[in-house]
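Each remark here refers to the structure printed beneath this line.
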Amino acid sequence: MLLILTASIFFLCLIAESITSWIFIKGSKKRHPVLWEHAEHPTLMGNGDLMSAYPLIRYLWTRSYSEVPDRGAVAFAEKLRLPTTLSYAAAWLSIIPMQIALYTFPQN
């Protein structure tokens, strides 16, 4: 039961990060192409897991988008910065209790 709970938390965090990344990628490509290009053309497939999503997360975390001359694009990125980076961190951190539950309480 504990493993199911911790795995569910992990997957919810992963889904939240995927959704916010998707919103950033699609929104920047469609409405703010300068931002999308500045972020080095992120794609949905290229951000398909926690490891490959790191460049986009680093881009948002370090506020590299502030160099973009389009104020609307910067506001768009700023709006998505916190939910995307927090859900990414939460997904990574939720792996710890899931692993503890997996190895401490083995399933029969």
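The values are calculated or read from the model by the stated rules, or taken from the named source; none is laboratory data. It should be emphasised that the depicted structure is a prediction, and the values quoted were computed from it without experimental measurement. Positions of Cβ are backbone-derived with ideal geometry, glycine not excepted, and every protein chain shown enters the neighbour counts. Surface areas here come from the heavy atoms of the whole protein model, side chains and all, with no ligands, DNA or RNA. Shrake-Rupley method; radii C 1.70, N 1.55, O 1.52, S 1.80 Å.
Among the residues of the stretch 89-108, the ones that are outside any helix (DSSP H, G or I) and either among the hydrophobic types (A, V, I, L, M, F, W, C) or within 16 Å of the chain's Cα centre (by Cα) (or both) come to 1 in all. Residues of the stretch 10-29 that are closer than 12 Å to Ala77 by Cα and open to solvent by less than 30 Å² (accessible area, probe 1.4 Å): Thr20, Ser21, Phe24, Ile25, Gly27, Ser28.
The residues on offer are Leu86, Leu80, Leu60, and the sole one that is under 16 Å from Glu17 (Cβ atoms), assigned to a helix (DSSP H, G or I) and open to solvent by 70 Å² or more (accessible area, probe 1.4 Å) is Leu86.
Just one of the listed residues (Ala77, Ala90) is over 23 Å from Met1 (Cβ atoms) and either out of contact with any Cys (no Cβ under 6 Å at 6 or more places or on another chain) or among the small types (Gly, Ala, Ser) (or both), namely Ala77.
The requirement of being polar (S, T, N, Q), modelled with pLDDT of 95 or more and either open to solvent by less than 40 Å² (accessible area, probe 1.4 Å) or touching a Ser or Thr at 6+ places or on another chain (Cβ under 7 Å) (or both) is fulfilled nowhere in the stretch 37-55; no residue meets it.
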